[in-house]
Every structure is written in structure tokens, then in C-alpha cells.
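The structure appears below as C-alpha cells.
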Amino acid sequence: MLGHGLVHWFEMSVPIFLVVWTDEFPVSIALVGLIVALGYAPFGLGALPGGVLADRFGAKRIILACYAGMTLSFLVLALAPSIYAVGGALVLWGIAASVYHPAGMALISTGAERQGTVFAYHGIAGNVGITLGPFASATGLVFLDWHVVAALLAIPGLLALAYGLRAEFDPTTAVDDENAGAGTEISLPTLVSNSKRLFAGGFLLVFVVVMFEGLFYRGVLTFLPDILHDLPAMADVELQAGLEGFEPSDYVFVGLLVVGMAGQYVGGKLTERVSVERGLVTIFGLLALLALAFVPASELGLVALLGLCALLGFFLFAIQPFYQVAVAQYTPADTRGLSYGFTYLGEFGFGAASIAIGGFVLGEFTLGLFFVVLALFAIVAGLLSLALLVGYERFAFLERYGSEA
């Protein structure tokens, strides 16, 4: 829970800093977007090696290394004198954070007997980090320079590392093999063979769906604080005496993330009642409509804008349990760890490309076109999900064939 919360605590503070960096450094928003994208990219690209390292050295060691690396990266960020130094610190953060999800999932799968309950608390902790990271950043920036705020954000990482080094528990309590999760030698031929089995069936479509979901997710969460800040509807908000200096747009963004907690809970419950394919098609369709409606809603005034942001936050997170369950349904059990490694590669690695794309579109074209691009990401993902829905039996056959092979 500490690890999941910290990863997203650091991750979601970056979009708040983005607003400051675009004002402070004499570079275009396109360049800032590209630099931030280079920092986010290792977050996903390192998922596969992160899973291998967890199997080789044990999940606890890798998670503690993640704590240390993320904390160090934000201390380096606090000293950054230029946008290029910012980029270097973010790359360091991305490398450190990338190992968390495969290692965390491995630790829960071998160390927790009540895995469903533990995964639930694990998800809640991640959402708390997603919400508190931008909230703490936005509040700190009201009173302090961004360098100081970056240093203060590293303090929870130091505390978590101190606790983690002292914590004692059995990381294999849920399995019979005492050596599970550590010391496993994984050869390149085995990785290639297992990867071929995964992509022989429906997981190939699931993986591409996750890629496009990551493009939509990262594009929204990276640029929305800056977009909200510049909207005329937000300029009309009048703050009470004593609240000067606070940016209402930052707290609208935090509110969107809070609503996302409810979305993730509802989405998780719906996976037990609705097929994942049908749920993916429906929610991607809604996300596309919300993206296309963003600019018109912002022109209608504050109430319409707040309502659309609430819906966007709800469905942006409601879709996550659906694709997470889809991964399990379309992969054999003996390659589940590898499948989630590929999943986070698609979500966070390829998804980071939307930061560079979004920065270019916002810098060279219009806000409306930016949301059209996001809508296209959702439409493509929805069509691929429809292919899963229509061809479920065929893909299930391929999955069994691949497993037998």
C-alpha cells in the first residue's frame, strides 16, 4: 500500500509542476511535453525488466529500491536549474517507479492469503496517492517555490523507506515454496516462448486496447491542469478573502481524481455483473463522447465544466478494473506475471507518447483538436474491444491453442 500510494503520489504531482515549468522556462509547451514524456516513458518500459528483477532478487528488495530511487529523483528535481535537468530527474524517477507494479503484484500474490481483500486495499492506496499528490503539490506551490515543494514531496518516500527496511514479514506465506519470488533464473528463450504463447490469442487485442487506453489516460492527466488553468470559465471564479494565490483549476483537477475513486470502485463491482468486453466498449464510447464535449461544455460556464470533469474522472478510472480483468481472462495462469508486465508496458510506456503528441497539438493547433485526438484514441480502443466482444470464442480457441503449443 505504501509503495502503490507513493508511486502515484510522485507521478501525479508532475502535471501540477508542468503548469509552473511552462511559465518559468523559456521553452515551448511542445518541448516541455516531450521532456516530461521522456520521464514518464521508463515508467512503463521498465515493467518487464522489473518483473524479471523481482523474480531474481525478491519483490521486497525491488520495492525498497523503488522507494529509494523515487525519493532520490525528487531530491534531484528540487535542485534542477533547467528544463533539461528536470527531464533528467524525471527519467530517474521513471526508471525507479517502473519496477513497482510487477514487484508489488508478485509480493501480494505470494505473501497474502486473502488476495482479493489485499488487492482492494492496494488499489485504494493507489487512488489516495493519485489524489493527494496533486493536492499537496498545488497547495505547496501557493506558498513556496517549486524547488522547495519538490523536496518536501520526497519526505514521505524517506519515511516509507525507513519503515520498509525495518518491516519483517513472510513474503511466501500464501505459497508452499519458500523460495518463491526470489532466485528464479529466467532465460531469454523462456521469455520468448512464453511471450509467443501470450500473443497467440486474444491477449494481443487486449494489449493494444491497453496501449490506446494509456494514450487517453496519460494525455488527460498530464495536460488537464494546464488546460483548466487557462479556461475562461475558471477565470470567472471569485475566491474569498484570504484565499488569494490558490488556483481553483488545480482543485478541480483534484476533485476529478477523487471522483475517480468512486469510478474505480463501481467499475470493479460491475466486472462481476457485466462481461469485460461489453464494459470496455461502453466506457470507451463514453470517454470519446466526453472528450468531444469538453470544449463545448467549457464554453457553457463553470457548472457545465465541473459536471463534465466529474464524469470524465469517473469513467477514466472505472475502465481500469475492466482491462485488468480482461488480462486475466485472456492469458494462461502460468504466464500471468509476464502478461501484467506487458500490460503496464502498454499502459505507461506507450501511453507516454500522448504527452509528446499532446504537447505538439496544443502548441501548434487548437484545444479542440487536442480533444479530438484523445477521442480518436478512445474510439480505436472501443473498436478493438468490440472485436473482442464479437470474436470471443475464436480468441478463446486461439488462447487454448497457444497454451497447448
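Check whether at least one residue in the range 17-40 is of a type in the set (A, V, I, L, M, F, W, C), within 28 Å of Leu107 (Cα to Cα) and either touching a helix residue (DSSP H, G or I) at 6+ places or on another chain (Cβ under 7 Å) or modelled with pLDDT under 90 (or both), and report yes or no. No: zero hits.
Restricting attention to the range 1-18, which residues are farther than 12 Å from Thr222 by Cα and part of a helix (DSSP H, G or I)? Steps first, please.
First pass over the range 1-18, keeping only residues farther than 12 Å from Thr222 by Cα: 1-10.
Scanning the range 1-18 gives Leu2, Gly3, His4, Gly5, Leu6, Val7, His8, Trp9, Phe10.
Scanning the range 341-366 for residues that are free of Cβ contacts under 8 Å to residues at least 60 places away in the same chain and either assigned by TED's automatic domain parsing to the domain that holds Val27 or within 21 Å of Val325 (Cβ to Cβ) (or both) returns no hits. Under 6 Å by Cβ, and 6 or more places apart or on different chains, what pairs join a residue from the range 50-70 that is free of Cβ contacts under 8 Å to residues at least 40 places away in the same chain with one that is among the small types (Gly, Ala, Ser)? Pairs that qualify, where the first residue is free of Cβ contacts under 8 Å to residues at least 40 places away in the same chain and the partner is among the small types (Gly, Ala, Ser), are Gly69/Ala96.
Name the one entry in Ala378, Ala291 that is part of a helix (DSSP H, G or I) and under 30 Å from Arg197 (Cα atoms).
Values: Ala291 fails: under 30 Å from Arg197 (Cα atoms).
Of Ala378, Ala291, the one residue that is part of a helix (DSSP H, G or I) and under 30 Å from Arg197 (Cα atoms) is Ala378.
For Tyr323, the requirement of being assigned to a helix (DSSP H, G or I), within 18 Å of Phe284 (Cα to Cα), at pLDDT below 90 and under 16 Å from the mean Cα position of the chain (by Cα) is met.
If you scan the range 19-31, which residues turn out to be touching a residue at least 60 places away in the same chain (Cβ under 8 Å), surrounded by fewer than 22 Cβ atoms within 10 Å (Cβ to Cβ) and in a helix (DSSP H, G or I)? Passing the criteria: Val20, Trp21, Thr22, Glu24, Ile29, Ala30, Leu31. With the checklist (1) assigned by TED's automatic domain parsing to the domain that holds Tyr330; (2) at pLDDT below 90; (3) closer than 30 Å to Ile29 by Cβ in hand, flag the one item Gly201 doesn't pass. Of (1) assigned by TED's automatic domain parsing to the domain that holds Tyr330; (2) at pLDDT below 90; (3) closer than 30 Å to Ile29 by Cβ, only one is false for Gly201: (3).
I want to confirm something. Restricting to the range 286-308 and keeping residues that are under 20 Å from the mean Cα position of the chain (by Cα) and in contact (Cβ under 8 Å) with a residue 60 or more places away in the chain, which single residue is farthest from Leu369 (Cα to Cα)?
Restricting attention to the range 286-308, the residues satisfying the condition of being under 20 Å from the mean Cα position of the chain (by Cα) are 286-288, 290-291.
In the following step, the residues that additionally are in contact (Cβ under 8 Å) with a residue 60 or more places away in the chain were identified as 287-288, 291.
Numbers: Leu287: 16, Ala288: 13, Ala291: 10 Å.
Checked the range 286-308; the qualifying residue farthest from Leu369 (Cα to Cα) is Leu287.
Screening the candidates Gly44, Gly5 for the property of being within 27 Å of Leu191 (Cα to Cα), touching a helix residue (DSSP H, G or I) at 6+ places or on another chain (Cβ under 8 Å) and in the same structural domain as Ser137 (by TED's automatic domain parsing) yields one hit, Gly44. Remark: pairs (first residue in the range 124-136, at positive phi; second residue small (Gly, Ala, Ser) and outside any helix (DSSP H, G or I); Cβ separation under 8 Å; 6+ apart in sequence or on different chains) are absent.
The values are calculated or read from the model by the stated rules, or taken from the named source; none is laboratory data. Predicted, not measured: the structure shown is a model, and the values here were computed from it. Ideal geometry is used to build each Cβ from the backbone, glycine not excepted, and the neighbour counts take in all protein chains shown.
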